1. Give me the lysines in straight-line cross-link reach of Lys95: C-alpha distance below 20 Å, same-chain residues under 8 apart excluded.
2. State, as an integer percentage, the relative contact order of the range 10-97 based on alpha-carbon contacts under 8 Å between residues 6 or more apart.
3. Give a quick list of chymotrypsin sites (Phe, Trp or Tyr not before Pro) in the range 5-75 that DSSP marks as loop, anything other than H, G, I, E or B, with at most 12 other Cβ atoms within 10 Å.
4. May I ask you to order 20-27, 39-46, 107-114 by the average number of other C-beta atoms within 10 Å around their residues, highest value first?
Amino acid sequence: MNNLDFSAEPLFSWYAVLLAISGVLMVGLGAVAGGLKAGLRVLNVIIGLGFLGYAYYLVFVFEGGTYYIFFKVFILPIAMIVYSVKAIVERSNAKQQTPAQAAAFNPNAPQAPYNPNAPQAPYNPNAPQPGAPVPPQAGGPVPPAAPQGAAPYQPGVPPQPVADNPYAQPGQPQPPQQPAG
């Protein structure tokens, strides 16, 4: 190994080693069909080969002078590993899902035509009706308090005018009218 000297240039040496490890990880992620789409796998292999090529250049070909250190290149392998693990977990969860769970609701599934002669469930007066207010349950959530000066909501009682709106109550002064002409 020509340029790897951890005692003379530790930053350069560690950068070259970590670049090579990142390249191997990226090529490995691209080569293994671990849940990534084909385009991402190809991109992983291309970027990994670039990392490996630059590491090879720095270790065996480089003879001194200027070289570039891109610390951001170490974020990409970590992000791709996280994405691959997430895709693998999602794929295994989808395989473990039962067919009844998978087909719980499908808006595109064919629907049975309406049959007016089909038997219907008997009327249940205790069932909640659409549009009707639901009475509060004991131990349930407490409704928000009414604003200052407002009466609490009471079903069947019409809403009352607001006290601080001068134009909504009868007997209050009206805005001045513009003179004609």
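Readers should treat all values here as calculations from the given coordinates under stated rules, not as data from a laboratory. None of these values were measured; they are calculated from a predicted model. Here the Cβ is made from the backbone with ideal geometry for all residues, glycine too, and neighbour counts use every protein chain on show.
1. Lys37, Lys86
2. Here the relative contact order equals 37 percent.
3. Phe6, Tyr68, Phe70
4. Averaged packing, sorted descending, gives the order 20-27, 39-46, 107-114.
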